[in-house]
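First the structure, in the form of structure tokens, and then the observations on it.
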Amino acid sequence: MLDIPHEGVEHVSWLIYARRRELRSRWRRLSCFQQALLVLVHLRNNETPHQVGAGFGVSTATAGRLCDRGRRHPGRPGTHPAGHPAGP
């Protein structure tokens, strides 16, 4: 179980949705909401891409790529676009 409010998952999914629209991305195996959940589960529970991928029905490579994008996402609070922690 993920102990993050539904609003937080929705916020991340809207960021993913906006980015997909900006890139004019085609359909994806996971919806924006499912992708947000995958990334948040990875970050929150410190699960490997293999574990997360198995839970969401995607390959380890796909889960790893999505987790990597999630770590680098500029919309994530407390980080700079390069994924480095924000300074004081």
- Using the structure shown, decide if R71 is modelled with pLDDT under 85 and either surrounded by 14 or more Cβ atoms within 10 Å (Cβ to Cβ) or outside any helix (DSSP H, G or I) (or both). no
- Task: Please enumerate the residues belonging to segment 6-38 that are free of Cβ contacts under 8 Å to residues at least 40 places away in the same chain, of a type in the set (V, I, T) and touching a Cys at 6+ places or on another chain (Cβ under 9 Å).
- Result: I16
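The values are calculated or read from the model by the stated rules, or taken from the named source; none is laboratory data. A quick note: this is a predicted structure, and the numbers were derived from the prediction, not measured. Here Cβ is always computed from backbone atoms with ideal geometry, including for glycine, and neighbour counts include all displayed protein chains.
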